[in-house]
Structures are given as C-alpha cells and as structure tokens.
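Shown next, in structure tokens, is the structure this report addresses.
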Amino acid sequence: MPSSIPVTEVPVFGGGMFPVRRVYCVGRNYLDHIREMGEADERDPPFFFQKPRDAIVHDGARVPYPPFTDDLQFEVELVIAIGSSGKNIPVAEALDHIWGYAVGIDLTRRDRQYESRDRKWPWEMGKSFDASAPCGPIAPARDGRYFKGCAITLLVNGVEKQRGDIGQMIWSVPEIVAQLSQQMTLHPGDLIYTGTPAGVGPVVPGDVIDARIEGLPSLTITITEREA
Ligand code: MN
C-alpha cells in the first residue's frame, strides 16, 4: 500500500496554506459564454461538476499539454473558498461561509467536452484531467465583499482573449453557494469555480496564460510540450 498521498493546498495571499477538500465548478454562468457555446437554454439554473483536488496547480506552474486532446482551452473564473460547513444555506447567509477568493482557470479538453455533450457521456475526460484546475493565491474575504463589479480578464502571451465583469454572472456568488449547498453539503476547504465569460479559446505549448480579477492576486501558468 502507498506510504502516503500528497495533501492538496493552495497558498494564501499574505502567508499560509489553504487545505483543499473538494473542487466544484459551475457549468455555465455568463450569458455571452453560453451564447458562444451555442447553448439555447439561457435561463436554466446552473449545473455543477467536480474536478479532483489533485488537479490543482499553483501560480507559476508549468503545465504539460495534456494527452487525449487536440483542443486544450482556457476559461478564467472567480474561485470561492469555503470556510465553514453548511447545507441549504440561505442566500442572505452565504457570504458568512466564504473564507476567501482566488483567480482560477478551468482548463478544458474542448474536443472531449463536445464529444461528451453530443454522446451523453460523463464530463470527466473533458474537464477533470491532470493539472486541469490552476488556482492562484487565495485572498481572505474582507468586509463581505465578493468582487461584484470587478473586471475578469485572461491574456495569452500578453494578448487579451477574455474580458468580462463579475457583475455579469447570471447567478451571483451568494446564489451559487446557496444552490450548491442544496445539492451537496459544503465543508471547509471546498473550492467553487464560478464559470467563465466569453472569449474562451485554444492554447499551444509555449503559451503563457495570465488570468486576472481586479482586487485579487493574479495567476500565470505556462503550457509546455506534451509529455511522452
Ligand atoms: Mn468553466
């Protein structure tokens, strides 16, 4: 039997490490991205999926181009870090359960995701592969603010590819926490990637991806050659 398995943690801005329990993602949460993906049902509630926690990589990571895809794509997302347990959390109490926020990238094998969608297969191979969850340093929440009305951007090699505003979310940060807590009990260490604005696109080995949200530490990763 293995002697030990690594613990997944994310650095905290200002010092310390945040231990990660589970990684949840919102499937759709910005109208302009739903439209670019050709999804028709714009008023549907968001749906959730998970990535394995060991898919997390940190700011500065070098991420090998993954196997089993020829269409690796970026999605910049606000990440919520949960600090206290709850189920059926009311919207009005949701911010009390949030410990902090980070910038994340929901790396996606877009070809595999479309294949899963079209063939009604599970999403894991498109969304939940090794190193698919880059997460920047977590900034502790202050004064209940949740970055409503802040710019969210992503640049590849210095060229802006995605630009949105946290205020464009269909479901707000408190609403996401409330809804997910009706489906799964939330616990300290849970992360929630909250969906991406329009402009998603492919990357190739050598590309440097910069993900930014106003008021949060930024996240930079480099895509390297596919491993043999
Ligand atoms: Mn996403």
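The values are calculated or read from the model by the stated rules, or taken from the named source; none is laboratory data. Computed from a predicted model, the values in this text were never measured in an experiment. Glycine also receives a Cβ, built like all others from the backbone with ideal geometry; neighbour counts cover every protein chain displayed. Each accessible area value is taken on the protein alone, full model and side chains, heavy atoms only, with ligands, DNA and RNA left out. Shrake-Rupley method; radii C 1.70, N 1.55, O 1.52, S 1.80 Å.
Those residues that are over 17 Å from the mean Cα position of the chain (by Cα), within 14 Å of residue 102 (Cα to Cα) and surrounded by fewer than 17 Cβ atoms within 10 Å (Cβ to Cβ), I need them from region 141-151; list them, please. Please lay out each step first, then the result.
Taking region 141-151 as the starting set, the residues that turn out to be over 17 Å from the mean Cα position of the chain (by Cα) are 141-145, 149.
Going one step further and asking which of them are within 14 Å of residue 102 (Cα to Cα), we end up with 141-142, 145.
Matches in region 141-151: 142, 145.
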Taking the stated definitions as given, is residue 137 away from the ligand (no atom under 15 Å from the Cβ), closer than 30 Å to residue 12 by Cβ, open to solvent by 10 Å² or more (accessible area, probe 1.4 Å) and not charged (D, E, K, R)? yes
Being assigned to a helix (DSSP H, G or I), touching a residue at least 40 places away in the same chain (Cβ under 8 Å) and surrounded by 16 or more Cβ atoms within 10 Å (Cβ to Cβ) narrows it down to one of 35, 112, so name that one. 112
Being more than 13 Å from the ligand (Cβ to nearest atom) and part of a strand (DSSP E or B) narrows it down to one of 146, 101, so name that one. 101
For residue 170, only one of the following conditions fails: (1) β-branched (Val, Ile, Thr); (2) surrounded by 15 or more Cβ atoms within 10 Å (Cβ to Cβ); (3) under 23 Å from residue 137 (Cα atoms). What is its number? (3)
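State whether one or more residues within region 50-61 are in a strand (DSSP E or B), open to solvent by 50 Å² or more (accessible area, probe 1.4 Å), at pLDDT 95 or above and within 16 Å of the ligand (Cβ to nearest atom). Let's see the steps before the verdict.
Residues of region 50-61 that are in a strand (DSSP E or B), as a first pass: 50-51, 56-57.
Now restrict to residues that are open to solvent by 50 Å² or more (accessible area, probe 1.4 Å): 50.
Right, trim to at pLDDT 95 or above and you get 50.
The next check asks that each one be within 16 Å of the ligand (Cβ to nearest atom); those that pass are 50.
Yes; the residues of region 50-61 include at least one that is in a strand (DSSP E or B), open to solvent by 50 Å² or more (accessible area, probe 1.4 Å), at pLDDT 95 or above and within 16 Å of the ligand (Cβ to nearest atom).
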Across region 1-27, which residue is nearest to the ligand (Cβ to nearest atom) among those that are of a type in the set (Val, Ile, Thr) and in contact (Cβ under 8 Å) with a residue 12 or more places away in the chain? 26
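Regarding region 174-185, can at least one residue be identified that is open to solvent by 30 Å² or more (accessible area, probe 1.4 Å) and free of Cβ contacts under 8 Å to residues at least 24 places away in the same chain?
If we filter region 174-185 for residues that are open to solvent by 30 Å² or more (accessible area, probe 1.4 Å), which is where we start, we get 175, 179, 182-185.
When the remaining residues are screened for being free of Cβ contacts under 8 Å to residues at least 24 places away in the same chain, the result is none.
Looking through region 174-185, none of the residues is open to solvent by 30 Å² or more (accessible area, probe 1.4 Å) and free of Cβ contacts under 8 Å to residues at least 24 places away in the same chain.
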Exactly one of (1) assigned to a loop (DSSP other than H, G, I, E, B); (2) more than 25 Å from residue 175 (Cβ to Cβ); (3) away from the ligand (no atom under 16 Å from the Cβ) is unmet by residue 118. Its number? (1)
Residue under question is residue 30, and the condition is that it be touching a residue at least 24 places away in the same chain (Cβ under 8 Å), more than 13 Å from the ligand (Cβ to nearest atom) and open to solvent by less than 60 Å² (accessible area, probe 1.4 Å); does it hold? no
Assuming residue 154 fulfils every condition listed in (1) surrounded by fewer than 20 Cβ atoms within 10 Å (Cβ to Cβ); (2) part of a strand (DSSP E or B) apart from one, which condition is it? (1)
Of the residues in region 67-96, those that are assigned to a loop (DSSP other than H, G, I, E, B), open to solvent by less than 60 Å² (accessible area, probe 1.4 Å) and either acidic (Asp, Glu) or within 16 Å of the ligand (Cβ to nearest atom) (or both) number 3
Under 8 Å by Cβ, and 6 or more places apart or on different chains, what pairs join a residue from region 49-60 that is over 13 Å from residue 103 (Cα atoms) with one that is modelled with pLDDT under 95? 49/27; 49/123; 54/6
